[in-house]
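The values are calculated or read from the model by the stated rules, or taken from the named source; none is laboratory data. Note that the structure is a prediction, hence the values are computed from the model and not measured. In this analysis, Cβ positions are derived from the backbone assuming ideal geometry, glycine residues included, and neighbour counts consider all displayed protein chains. Calculation scope for accessible area: heavy atoms of the full protein, side chains included, ligands and nucleic acids excluded. Shrake-Rupley method; radii C 1.70, N 1.55, O 1.52, S 1.80 Å.
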Amino acid sequence: SQTIHQWPATLVQPVGSPLSLECTVEGTSNPNLYWYRQAAGRGLQLLFYSVGIGQISSEVPQNLSASRPQDRQFILSSKKLLLSDSGFYLCAWSGQSSNYGYTFGSGTRLTVV
Amino acid sequence: KNQVEQSPQSLIILEGKNCTLQCNYTVSPFSNLRWYKQDTGRGPVSLTIMTFSENTKSNGRYTATLDADTKQSSLHITASQLSDSASYICVVSPFSGGYNKLIFGAGTRLAVHP
């Protein structure tokens with residue numbers, strides 16, 4: 001069966017420090033991968049998605065970047081965190097077919113201080 | 001503009017009672033509509049998924065309905081349990097888009113009290 005792992009679960013980082021959040025998927029190949037941010041009381045906002053290794057699409061301009069160095073690995077990064085980067089970050093994967101489900105990771109609570 | 005609106009924003013019910021959450025959308029045409037349950041501090045977990053041609057889908061005590069004519073969906077929870085306390089998110093996938101085009105509601109926060 002397919003599983004998705006996301007870490008760390010919580011992170012407190014000072015302003016100006018770098019960021020690296022990692023997400024990996026097991027039990028499937030060539031998944032579509034996504035990074036979302038969830039603000040309190042608001043819907044999920046898509047930040048990046050990837051349909052293959054090295055293929056990254058950005059949905060909103062921001063202080064963050066994403067990379068996909070391996071088929072089942074998706075990384076969210078920042079060189080210098082801002083206070084406004086605080087939030088709940090979710091990784092998700094889906095299959096290539098529209099009949100596949102859309103599965104989320106357990107999330108990372110990022111607090112920039 | 002494609003939107004998904006959920007109501008109520010929050011809801012408190014007593015354990016054992018039933019409740020219904022609403023989702024109105026303006027996405028047209030759409031491919032499917034999903035309901036997710038999200039525990040505090042956790043990722044959303046899929047409850048149901050319905051295509052535009054389906055009217056109802058059940059998952060245990062959770063029953064989702066869809067009226068494509070009025071562009072409304074509801075999630076009915078029967079005999080609520082304390083573990084049902086969570087946010088419930090309605091998500092609509094436009095027909096023309098890939099998965100990156102999913103449109104999320106802001107969610108309904110449900111609290112079940114003993």
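In segment A:79-105, how many are over 12 Å from A:Glu22 (Cα atoms) and either within 13 Å of another protein chain (Cβ to nearest Cβ) or open to solvent by less than 50 Å² (accessible area, probe 1.4 Å) (or both)?
Going through segment A:79-105 one residue at a time, the tally reaches 17.
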When you look at B:Ser74, is it within 11 Å of another protein chain (Cβ to nearest Cβ) and within 16 Å of B:Thr108 (Cβ to Cβ), yes or no?
no
Counted residues, segment A:23-54 - those being more than 11 Å from chain B (Cβ to nearest Cβ) and surrounded by fewer than 16 Cβ atoms within 10 Å (Cβ to Cβ):
7
Out of B:Ser85, B:Ser46, sole residue that is among the hydroxyl-bearing types (Ser, Thr, Tyr), open to solvent by less than 50 Å² (accessible area, probe 1.4 Å) and in contact (Cβ under 8 Å) with a residue 12 or more places away in the chain:
B:Ser85
Take the residues in segment B:2-24 that are closer than 17 Å to B:His113 by Cβ and among the β-branched types (Val, Ile, Thr); name whichever of them is farthest from the other protein chains (Cβ to nearest Cβ).
B:Ile13
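Open to solvent by 70 Å² or more (accessible area, probe 1.4 Å), farther than 30 Å from A:Gly52 by Cβ and touching a Ser or Thr at 6+ places or on another chain (Cβ under 8 Å): which single residue out of B:Asn55, B:Asn24 fits that description?
Selected residue: B:Asn55, the only one of B:Asn55, B:Asn24 that is open to solvent by 70 Å² or more (accessible area, probe 1.4 Å), farther than 30 Å from A:Gly52 by Cβ and touching a Ser or Thr at 6+ places or on another chain (Cβ under 8 Å).
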Does any residue of segment B:29-38 turn out to be within 12 Å of chain A (Cβ to nearest Cβ), free of Cβ contacts under 8 Å to residues at least 24 places away in the same chain, farther than 22 Å from A:Ala39 by Cα and open to solvent by 20 Å² or more (accessible area, probe 1.4 Å)?
no
Those residues of segment A:35-50 that are part of a strand (DSSP E or B) and basic (Lys, Arg) come to a total of 1
